[in-house]
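The block underneath contains the structure these notes are about, expressed in structure tokens.
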Number of protein chains: 2
Amino acid sequence: MLNYFFNPESVCLIGASTNPEKLGFKILKNIIDGGYKGKIFPVNPKAEQILNLKCYKNVSEIPYFIELAIVAIPSDFVCEVVEELGKKCVKGVIIISAGFKETGEEGKKKEEKLKEIIKKYNMRVIGPNCLGVIDTKNKLNASFAFEMPQSGKISFITQSGALGTAILDWSMKENVGFSKFVSFGNKVDVSEIDLIEELENDPDTNVILLYLESITDGRKFIDLTKRVIQKKPIILIKSGKTESGSKSAISHTGSLSGSDIAFNAAIKKSGIIRANTVEELFDYALIFSYQPVLKGNRICVITNAGGPSVMTVDMIEEKGLNLAKFSLQTIENLKSFLPPASNINNPIDVLGDAKADRYEKVIEEVIFDDNVDGIIVILTPQITTQIRETAEIIARISKKCEKSVVACFMGGKRVEEGINILKQNKIPNYFSPERCVISLKAMDDYRKFKEKVIKGKYIEFKVEKEKVREKIENFKNQKISIIGDIEGREILSFYGINTITSFLAKNQEECEKFLEENKGVFVMKVVSPDIIHKTEAGGIKLGIRTAKQAKQAFEEIINSSIKYKPDARIIGVQIQEMVEKGVEVIIGVNKDIQFGHLIMFGLGGIYVELLKDVSFRIAPLTDIDVDEMINEIKTLRILKGFRNMPACDIDAIKETILRVSQLVCDFPEIKEMDINPIIVKEKDSIVVDVRFVFDF
Amino acid sequence: MLNYFFNPESVCLIGASTNPEKLGFKILKNIIDGGYKGKIFPVNPKAEQILNLKCYKNVSEIPYFIELAIVAIPSDFVCEVVEELGKKCVKGVIIISAGFKETGEEGKKKEEKLKEIIKKYNMRVIGPNCLGVIDTKNKLNASFAFEMPQSGKISFITQSGALGTAILDWSMKENVGFSKFVSFGNKVDVSEIDLIEELENDPDTNVILLYLESITDGRKFIDLTKRVIQKKPIILIKSGKTESGSKSAISHTGSLSGSDIAFNAAIKKSGIIRANTVEELFDYALIFSYQPVLKGNRICVITNAGGPSVMTVDMIEEKGLNLAKFSLQTIENLKSFLPPASNINNPIDVLGDAKADRYEKVIEEVIFDDNVDGIIVILTPQITTQIRETAEIIARISKKCEKSVVACFMGGKRVEEGINILKQNKIPNYFSPERCVISLKAMDDYRKFKEKVIKGKYIEFKVEKEKVREKIENFKNQKISIIGDIEGREILSFYGINTITSFLAKNQEECEKFLEENKGVFVMKVVSPDIIHKTEAGGIKLGIRTAKQAKQAFEEIINSSIKYKPDARIIGVQIQEMVEKGVEVIIGVNKDIQFGHLIMFGLGGIYVELLKDVSFRIAPLTDIDVDEMINEIKTLRILKGFRNMPACDIDAIKETILRVSQLVCDFPEIKEMDINPIIVKEKDSIVVDVRFVFDF
């Protein structure tokens, strides 16, 4: 769809310059030096010729159809030129020029105007304020990057040009090749969404690297990336833990769910690998572009030194990977040739005097063991260590088998040659054993993500959606945006969520009637805006079981309330089911501006307030999402029956969370919601209180 | 003290070899190539001459006093040779040979024998199973390392030879110089303790790097390092989170305090900087050896790219450093020359088109601002960026002022030249902004550690030590190793710790007498090994205030207990003070084999059991230790008055912890102890229950 940005038939450069110091010169030189095969038209009213190419006074003078235009002129003149390009039916425009919304109000206006022009001519624009576009396969370097990167299977799209230059420079040193590189700057038109879509089916892209500072459309981003990661991994680094998106939140959930939480929940939904640091971004880029994805998490460690292997094993455990357990055959074979002092079990210590042949035999042995999914080879440069030869052996054997192999050649000067051989052969080498493990872990996460996205089921419960719609319409008409208590519970009931029974009785007859119709044990409470301390006012009666008790309680409550505060406005008496003891749980919802409904789960009371021990996911939730949410909280053991407490009905919680997900997806006008508490018992769970905040 | 290992007058090498493949050749060559100025005596019964040096048949043949001997012969012959060396009054021996306790039982025996010989001749031995010793100042390379490292101010002592080779190799590439390097292997004699002591006052060592797998003497290690870090930083990496040192622990505390916890508590006590990964070890080595220690934690960030600076700021906040706030003068000056689009506030964005001069002016400006303690300079290789020149400027300006400056030149190929200039000028350059921050953080930790160790006060309370001694002697004589309840509380009372009053009454008269002597509200409980469900047996009475009530309660309890279980053995009735509500806290002690008494603090009940929200320190505790312990727990807010609860008397907890520290230091026979719970109220705290485990 955006093919003309990467493989255009013809390119024109507005702002081509004869001055080697100017971007307009540098870009033209890059296009030529890159080896671009199409037609090139420099535009500069003052020059006759630049770098041996004929120069045009303006766009309309170019006697040829232009597929891609690159604009590198001061921002004041950009709109005018883009209008001209529109008239000439140019498909794609890359605006290198800075001076737009990144500079303040004045620039923002220019960018708005630009947007209008783009719309008018139905063209696609990358930038402004960007480094440009590179496609190594088509040999197009439409950027002012320092040089053309090597070709390879990673595509990198970045919101920051500066970080782009750093990564391109890194790639030159690390022998990493790129397929496409796009710096998209202010994204006046083309955004990360368009570019990911473009890369989704690009046969030249195996891995997508993404640097983002902001997200254009959160929902679309999730839906798109969820689909794309089934085909190729997406590795993301996002700078800036942005502030809470909902500072004015009314609910607990709202106040707990800042937008970085929403973002992380989105990541979990989509299956993107998030790098936390620039270093991780590079590390992940290496392993994903060099090695096949892990098929399981059973790792074998081979080492010629004890210390580093202990660190590796510690990290493997910490990160939740597993040490492979070899087959009996493998162990027997290893025993047959390793010196007696070697450790045969994983990690395999080939000892300090190991030469390349010992490494070779061991790797040959374990790589074909079905119990091994990935291999870490550690080498310290000891006196007899054959560094180059060992690197060559790793390179050779790893090609025989579709398993991930990473290396950790520890040191500096002497190991350099070996590391270069590894690089050339697409074996990632990491500086420390810990980084080997973290990179394998990212692969394992990717594998699990893919599975999860496929296996997760959306369950649709039979609910009374129309009744809820009617109620919400009513609130909207009455301009009521916060509701709780009886009406809130009614909405939940319509969605099949078990709530306590309650009723606001206005007189004794209503009490009588309610008790005749409902069985159970009830508490009765005076409802009055003027009585805060209900117990003091004699406004509460417990343990009501019969109609007669209810009638009497009503009378007593009213009388003593009036006596307590003669001028109190009394609305009635609330009759509410008494709930057996159980564990208090909270289920909350907050609507994030970017990603939509964020659902929260945790234990109630101090667990949520003090320990903030809660988990978040973005709706709609699958069964797997809910399982994860429940398993993520640290206080899970309380639900599973801590000390002498019985285990809670976790299935009931799961179902409630799924029903909440269905409810909020059906009604986007729900802005916040706190089900707090929901009491979970040995069998079943029941909502005691709920509050909704609507955004009409 | 160990000077002869580093600057010997004469050296002999047992096992010198003519075969360039052998260690005995390599070591000799290293000694010669290193430029050693003293006398060298190769020993080999079969050779006349090696590398132009006369060879001796055996040690006794050498016609000269030997200060240092290096042994590189098969392990079977080592003891014999060391005995000879002893006879020749050799002061220091480095045993390179492997084949000792690291290989199993047989080797262990050899090592034991070796130990005896060493003792007999009062000589000092490094090794066996090690790489050797290097001293760059004295040009002694008594090792089989690949080559002599550069000279510098870091000394590195390592238990692993393999990791040693990796670090030496790294140093050659990174332009890092070493003063002394010691691989001490199995530490049959010379241990990390001896070596740290040696380096403490070594004028050629500014930073001590330490790689450990095991610790020889935990207490001594703490005391020594605590002293040494006042003079120079110690950076440690320890491999292997070893297993719980007390699997069979009886107490809560015992089961929670594995030996890695003890080790971390030791680190906190001593002020060592612990590197968690090899990479961190290297990163810290760079900053500590290159830069002055931070005097405060106010960091200034200078950058030519937005994205990386956001990441840096996030990390600064996460790690608890501060972004410096510039003086008004600085801001005014910056405004006067920076382009309008630059960000003048910290982080300072010099913009993508910044050349070296703009970096220069900015660094010149901020480095002299008194509100700045450290500077991070970020550079991305943009088109007009002057990489080399900027590196030179950083190097030059940083020398003008005693402030820590670190750089992050991001990229690979193009930034390489700049990075090399930084290296040559001792400006640490890190691959990612995050690592800059983490390294500065380590410096800030060191600064705080130093202060803490000096400022922390040991408080000695007036206690009745003799009475406790008497009691403990009694238990010992009676072979009682677990005590609790009344006797446990009595011990605490002798140390001025407030405990509930209680008394075991055998008859009505005793009840009467106790109530006459003690004011308060009491609970009375039957004490019988045969009655478990005391309430059911009618064996509990609450709210006893008077002697009369007590007498009556005694009678009723005895009667109904006999009725409940006629054959029950009844020991008496316990009269125990009833405690008002408060927060339940636990204070525990566990004696670690290595480090001694480990004191634990946390909130009781589920907080300790489920959330394991506890903190540890090693006794004796200072007031600062205790402050830290209390501030470390996540549930601190509960103590400070959560929701409508009043704040607890935290000072009372502190004092109790300090008194516990004094108690366990006075009585090393205390193996474990759980004060659980101690109830903390608005004013004061009181111990309800305690259990001691003694190790007689």
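No lab work stands behind these numbers, since they all come straight from the coordinates. These numbers come from a predicted model, not from an experiment. Cβ sites come from the backbone with ideal geometry, for glycine too, and all protein chains shown count toward neighbours.
Taking each residue of A:300-310 in turn, how many C-beta atoms of other protein chains fall within 10 Å of its C-beta, and what is the average?
Mean shielding by partner chains, rounded to a whole number: 5.
Quick check: the distance between the Cα centres of the range A:434-490 and the range B:512-585, to the nearest angstrom?
Centre-to-centre distance over Cα atoms comes out at 55 Å.
Amide H to amide H under 5 Å from B:HIS597: which residues, 5+ apart in sequence or cross-chain, H placed 1.01 Å off N in plane?
B:ASP592, B:ALA619
Less than 19 Å from a label point 7 Å out along the Cα-to-Cβ axis of B:LYS46: which backbone N atoms in the range B:59-75 qualify, by residue?
B:59, B:71-75
Got a sec? Which residues in the range B:636-664 would a label at B:LYS448 touch, if it sits 7 Å along Cα→Cβ and we count backbone N under 15 Å?
Answer for the range B:636-664: none.
In whole Hz, with x marking every Gly and Pro, tabulate ³J(HN,Hα) for the range B:155-160 from phi via Karplus 6.51 cos²θ - 1.76 cosθ + 1.60, θ = phi - 60°.
For the range B:155-160, the Karplus-derived couplings read 10, 10, 10, 9, 7, 9 Hz, x marking Gly and Pro.
If you take the beta carbon distance between B:LYS29 and A:ILE32 as r and set R0 to 51 Å, what does 1/(1 + (r/R0)^6) give as a FRET efficiency, to the nearest 0.05?
0.40
Subtracting the Cα-Cα distance from 0.36 nm times the residue separation, let me have the gained length for B:ASN3 to B:ALA647 in nm, one decimal.
Stretched out fully, the B:ASN3 to B:ALA647 stretch lengthens by 226.0 nm.
Taking every residue in B:409-420, how many Cβ atoms of other protein chains lie within 10 Å of its Cβ, on average?
Partner Cβ neighbours, averaged per residue: 5.
Run through the range B:25-122 and list the chymotrypsin sites (Phe, Trp or Tyr not before Pro) located in a DSSP loop whose Cβ has at most 12 other Cβ atoms within 10 Å.
B:TYR64, B:PHE65
Highest mean first, what order results for B:153-166, B:496-509 on Cβ atoms within 10 Å?
B:153-166, B:496-509
Counting only other chains, and only Cβ atoms inside 10 Å, what mean value do you get across the residues of B:378-385?
Going residue by residue through B:378-385 and averaging, the value is 6.
Distance cut-off 30 Å, Cα to Cα: go down the list A:LYS91/A:LYS180; A:LYS29/A:LYS220; A:LYS268/B:LYS448; B:LYS476/B:LYS683 and report the pairs above it.
From the list (A:LYS91/A:LYS180; A:LYS29/A:LYS220; A:LYS268/B:LYS448; B:LYS476/B:LYS683), the Cα-Cα distance tops 30 Å for A:LYS29/A:LYS220; A:LYS268/B:LYS448; B:LYS476/B:LYS683.
Return the whole-Å distance between the Cα centroid of the range B:73-114 and the Cα centroid of the range A:620-696.
Cα centres, the range B:73-114 to the range A:620-696: 67 Å.
Report the paramagnetic label zone for B:LYS563: residues of the range B:533-550 whose backbone N is under 12 Å from a point 7 Å from Cα along the Cα-to-Cβ axis.
Under cut-off, by backbone N: B:537-539.
I want the antiparallel fraction of DSSP beta bridges within the protein assembly as shown, as a percent rounded to 5.
Within the protein assembly as shown, antiparallel bridges account for around 50 percent of the total.
How high is the FRET efficiency from A:LYS113 to A:ILE593, r the C-beta distance, R0 41 Å, rounded to 0.05?
Working from the Cβ atoms, E equals 0.95.
Rounded to the nearest 5, what % of the DSSP beta bridges within chain A are antiparallel ones?
Just about 50 percent of them are antiparallel.
Across the Cα atoms of the range B:501-578, what radius of gyration and what greatest pairwise Cα-Cα distance (Dmax) are found, in Å?
Gyration radius and largest Cα-Cα distance of the range B:501-578: 11.4, 34 Å.
At 7 Å along the Cα-to-beta-carbon direction for both A:GLU80 and A:GLU105, put a label point, then send me their distance in nm to one decimal.
Result: 2.5 nm between the two label points.
HN-Hα J couplings of the range A:50-58 from phi, Karplus 6.51/-1.76/1.60, θ = phi - 60°, integer Hz, Gly and Pro as x?
Listing the rounded values in order: 10, 6, 6, 10, 5, 10, 10, 5, 7 Hz.
Percent of alpha carbon pairs in the protein assembly as shown separated by more than 59 Å?
31 percent
Pop out the Kirkwood hydrodynamic radius of the range A:583-694 from its pairwise C-alpha distances, inverse of mean 1/r, in Å to one decimal.
13.9 Å
What residues qualify as long-range amide H neighbours of A:ILE70, i.e. H under 5 Å apart, gap of 5 or more or another chain, H built at 1.01 Å from N?
Placed amide hydrogens put A:CYS12, A:LEU13, A:ILE14, A:ILE94 under 5 Å from A:ILE70.
What number in nm² do you get for chain B if you take the convex hull of its Cα atoms and divide its surface by four?
Taking the Cα atoms of chain B, their convex hull projects to 39.4 nm² on average.
In whole Hz and in residue order, list the ³J(HN,Hα) couplings for the range B:600-607 that follow from phi through the Karplus curve 6.51 cos²θ - 1.76 cosθ + 1.60, θ = phi - 60°; x for Gly and Pro.
3J(HN,Hα) across the range B:600-607, in whole Hz: 10, 9, x, 7, x, x, 5, 4.
Express in whole angstrom the spacing between the alpha-carbon centres of the range B:255-319 and the range A:392-416.
Cα centroid of the range B:255-319 versus Cα centroid of the range A:392-416: 31 Å apart.
Working out 0.36 nm times the residue gap between B:PHE461 and B:GLU147, then minus their Cα-Cα distance, what length gain in nm do you get to one decimal?
Once the chain is fully extended between B:PHE461 and B:GLU147, it gains 107.3 nm.
Neighbour counts of other C-beta atoms within 10 Å: give me A:CYS12, B:CYS408, A:CYS665 arranged from fewest to most.
The fewest-first ordering by Cβ neighbours comes to A:CYS665, A:CYS12, B:CYS408.
Tell me the Kirkwood hydrodynamic radius of the range A:357-446 in angstroms, computed as one over the mean inverse distance between distinct C-alpha pairs.
Hydrodynamic radius (Kirkwood, Cα pairs) of the range A:357-446 is 13.2 Å.
Give the calculated FRET efficiency between A:LYS295 and A:GLU669 to the nearest 0.05, with a Förster radius of 60 Å applied to their Cβ-Cβ distance.
Result of the calculation: an efficiency of 0.85.
Would you pull out the residues with amide H under 5 Å of B:CYS300's amide H, same chain only if 5 or more places away, H placed 1.01 Å from N?
Residues meeting the criterion, in which the H sits 1.01 Å from N, are B:ALA324, B:ASP373, B:GLY374, B:ILE375, B:ILE376.
Along its three principal axes, how long is the range B:287-455 when you only count alpha carbons? Whole Å, largest extent first please.
Result for the range B:287-455: principal-axis Cα extents of 50, 36, 29 Å.
With each run of n ≥ 4 DSSP H residues scored as -39500 (n - 2.57), what mean residue ellipticity at 222 nm is computed for chain B after dividing by its residue count and rounding to the nearest 500 deg cm²/dmol?
-12000 deg cm²/dmol
Would you mind telling me the antiparallel percentage of the DSSP bridges in the range A:3-214, rounded to 5?
25 percent
If contacts are Cα pairs under 8 angstrom and at least 6 residues apart, what is the relative contact order of chain B in percent?
RCO, chain B: 9 percent.
Would you work out if the range A:28-174 is rounded, prolate or oblate? Take a ≥ b ≥ c from the square roots of the eigenvalues of the alpha-carbon gyration tensor; rounded if a/c is under 1.5, else prolate when a/b is larger than b/c, oblate otherwise.
Oblate.
Label-point separation (nm) for B:GLU318 and B:LYS548, each offset 7 Å from Cα along Cα-to-Cβ?
Once both label points are built, they end up 7.0 nm from each other.
Taking the inverse of the average 1/r across all pairs of different Cα atoms in the range B:108-250, what Kirkwood radius in Å do you get?
Here the Kirkwood hydrodynamic radius works out to 16.1 Å.
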